[in-house]
Amino acid sequence: MIDFKKAIEIAQKYYQEKGQLELTKIYESKNIWVVYAGKKEQPRFGNAGIAIDKETGEISRFILPSRTNFEILKNAKMTELN
């Protein structure tokens, strides 16, 4: 099971490889963690987040707009990044 701490580690490694060092938001849903990165004070245009599967740790893109992904975010809980 991928907990919050492990999800942060996975996301940081993924985004560091992409050149984005700062995590900005993380949401917890039933089966996945949704994580965004970039600069907190800059607006995001066309920026997709990542989804981290809670069982396997597998990473996939979390793209909006998507009816399914909007529904996931609607029911997800935003978690504080410390």
- Message: A 20 angstrom limit on the alpha carbon distance is what I want to check against. Which of K6/K74; K6/K30; K54/K74; K6/K77 exceed it?
- Response: K6/K74
- State the extension gain, in nm to one decimal, for the chain segment bounded by E80 and K30, taking 0.36 nm per residue of separation less the distance between their alpha-carbons. 16.3 nm
- Size of the chain along its principal axes in angstrom, Cα-based, largest extent first? 28, 27, 21
- Quick one: what are the phi-derived ³J(HN,Hα) couplings along the range 58-75, Karplus 6.51/-1.76/1.60 with θ = phi - 60°, whole Hz, x for glycine and proline? 5, 9, 9, 6, 10, 9, 10, x, 7, 4, 4, 5, 4, 5, 4, 5, 4, 9
- Message: List the aspartates and glutamates whose Cα sits under 17 Å from the Cα of K39, skipping any in the same chain fewer than 8 residues away.
- Response: E17, E22, E80
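FYI, it's all coordinate maths here, none of it is from the lab. Keep in mind the model is a prediction, meaning the values are calculated, not measured.
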